[in-house]
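The values are calculated or read from the model by the stated rules, or taken from the named source; none is laboratory data. This one's a predicted model, so the numbers in the text were calculated from it and none came from an experiment. Here the Cβ positions follow ideal geometry from the backbone for every residue, glycine too, while neighbour counts run over all protein chains shown. Surface accessibility is based on the protein's heavy atoms, side chains included, excluding ligands, DNA and RNA. Shrake-Rupley method; radii C 1.70, N 1.55, O 1.52, S 1.80 Å.
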Amino acid sequence: SSSLMQFDAYLPNFRNIVEQSAIAPKASVRSDGTQPPFTFDINIGLPLWFTSLRCREPRIRRAALALLRQAPSVQGFYQCHIWAAVGQIIMELEESQAMEMNAAHHPPHLGVLESTKEPIPSSELAASSYCARADMEPRIPTALLIPEEVRIGPISAFRPIDGFPPGITEADIAKWNRGPDQFFLGVSRIDRGLTGDASRMVYQYVPLDF
């Protein structure tokens, strides 16, 4: 499917990933209470990253990001703190634009996103009550919370010093006033237009600060 709404059908799977992943950090914790800086296996990093990227239910999404930050920092060849930073940026981009759209076209109660903007505390994740399914049930249909028009599709990253992706010029990122070795995140979304024009893919670039 070319529609990013397809992921809403897998909300129970995303919920299950978070519930099961909440157990994993306890298994790898060291005697001093910290996580090892490196593991050879990918562990819970990849499923939590995918959940933070494609699950649009606010509490489940934040739980995935919080658990990703609790996991060993480097898993295989992947750095989880970078995954978490990118996931946070994408979530904030989607939700900020969704709130603007919902404020203009839907009733005020859809401002529920504002009440879940802060990260979920680690203590709440660790509590068994949090893993109860009823606590993560969506209060409002996800399709209304995050409309397809603001959902981010494929992403990419680049540094100006290495060259620009096709269709991007130096003028497109000059407004950020960053150096040539700055990493930028490229995100894409579907623009259906306001005049009935055919859908098209639009791109946006923001600096990545780790």
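Residues that are acidic (D, E) and either farther than 17 Å from R151 by Cβ or not in a helix (DSSP H, G or I) (or both) within the range 38-95 comprise D41, E57, listed in sequence order. Any idea which residue in the range 1-15 is nearest to Q70 (Cα to Cα), counting only those that are of a type outside the set (F, W, Y) and surrounded by fewer than 16 Cβ atoms within 10 Å (Cβ to Cβ)? If we take residues in the range 1-15 being of a type outside the set (F, W, Y) and surrounded by fewer than 16 Cβ atoms within 10 Å (Cβ to Cβ), then N13 is nearest to Q70 (Cα to Cα). The condition (being buried (at least 18 other Cβ atoms within 10 Å of the Cβ), of a type outside the set (V, I, T) and more than 28 Å from S188 (Cβ to Cβ)) is satisfied by just one residue among Q70, Q75: Q70.
For A103, are the conditions met, namely being at pLDDT 50 or above, in a helix (DSSP H, G or I) and farther than 30 Å from T39 by Cβ?
In short, yes.
The residues in the range 20-64 that are surrounded by 11 or more Cβ atoms within 10 Å (Cβ to Cβ), closer than 19 Å to G76 by Cβ, among the small types (G, A, S) and modelled with pLDDT under 95 can be counted, and the count is 4. Flag set for D181, criterion: of a type in the set (D, E, K, R), at pLDDT 90 or above and open to solvent by 60 Å² or more (accessible area, probe 1.4 Å).
Within the range 192-210, if we keep just the residues that are open to solvent by less than 100 Å² (accessible area, probe 1.4 Å) and at pLDDT 80 or above, the residue that is nearest to S1 (Cα to Cα) turns out to be M201.
Looking at E100, E92, just one residue is touching a Lys or Arg at 6+ places or on another chain (Cβ under 9 Å), open to solvent by 30 Å² or more (accessible area, probe 1.4 Å) and not hydroxyl-bearing (S, T, Y), and that residue is E92. The number of residues in the range 147-170 being farther than 11 Å from F183 by Cα and polar (S, T, N, Q) comes to 1. There is at least one residue in the range 6-15 that is aromatic (F, W, Y) and over 14 Å from the mean Cα position of the chain (by Cα).
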